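The values are calculated or read from the model by the stated rules, or taken from the named source; none is laboratory data. Source: prediction; values computed, not measured. Cβ sites come from the backbone with ideal geometry, for glycine too, and all protein chains shown count toward neighbours. For accessibility, only protein heavy atoms count, side chains too; no ligands or nucleic acids. Shrake-Rupley method; radii C 1.70, N 1.55, O 1.52, S 1.80 Å.
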Amino acid sequence: MKKFEGVTDEALALLYVQGNNRAFDELLNRSQTKLFTYIMFVVHDHDVADDIFQETFVKAITKLQQGQYTDSGKFQFWLTRIAHNCIMDWYRTQQANHIVEVNKDNDLQNLKSASVMDICRETEMVNEQILRDIKKMVDVLPATQREVVYMRYYQQLSFKEIAELTGVSINTSLGRMRYALINLRRMAKENQIELALCG
């Protein structure tokens, strides 16, 4: 919407609180892809991700209308925190053992990284296979470990930001990453998978 070009997310949130519904439409438009991708990466189920995505925005609307948002310059951070809480609530309701089943229709299988390397096709194919192997291994990590891997390597967040978003200490975030890497190395060794990309 050209009307809101150059308007910050924080300003849009405050405009919505003042009664401008189009401001919220613009916020939704700006946020939906990144937020849904984050939720999908953690839960691995399109229908569940869709439910959590909608619940996140319902909670965001409620909090905005109740005056629980203050302009801190971090609207997207605030929204991701709500999504994280919704994901954790969903996991708490599950009777399973908190290890997520890999969904064959996982949209994130479409992620490509070979485009960043200008190398011969043989090396490209090897690298694609390595990345597929890593992705499969990340898929079977416990949700808390998978989430920290996603935030650190896909969203480029610092451990301080990850700790704030997930509501844990920096040491807990670092611990989750440490265990994720230990698990990935163990799985790679058990399956004789080479983790180093070819140059």
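What number of residues within region 168-181 satisfy the criterion of being open to solvent by less than 80 Å² (accessible area, probe 1.4 Å), in a helix (DSSP H, G or I) and among the hydroxyl-bearing types (Ser, Thr, Tyr)?
Summing the residues that are open to solvent by less than 80 Å² (accessible area, probe 1.4 Å), in a helix (DSSP H, G or I) and among the hydroxyl-bearing types (Ser, Thr, Tyr) in region 168-181 gives 2.
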Test: residue in region 24-39 that is open to solvent by less than 70 Å² (accessible area, probe 1.4 Å), under 19 Å from ARG146 (Cα atoms) and polar (S, T, N, Q): yes
Selection within region 137-167 - open to solvent by 20 Å² or more (accessible area, probe 1.4 Å), among the hydroxyl-bearing types (Ser, Thr, Tyr) and under 20 Å from ASP89 (Cα atoms): THR144
Between residues in region 156-182 that are at positive phi and residues that are assigned to a helix (DSSP H, G or I) and modelled with pLDDT of 85 or more, which pairs lie under 9 Å by C-beta distance while being six or more apart or on different chains? GLY167/ARG81; GLY167/HIS84; GLY167/ASN85; GLY167/MET88
Residues that are polar (S, T, N, Q) and modelled with pLDDT under 90: list the helices (runs of 4 or more DSSP H) wholly contained in region 1-84 that include at least 2 such residues. 46-65
For region 151-167 the number of residues that are part of a helix (DSSP H, G or I), closer than 16 Å to LYS34 by Cβ and polar (S, T, N, Q) is 0
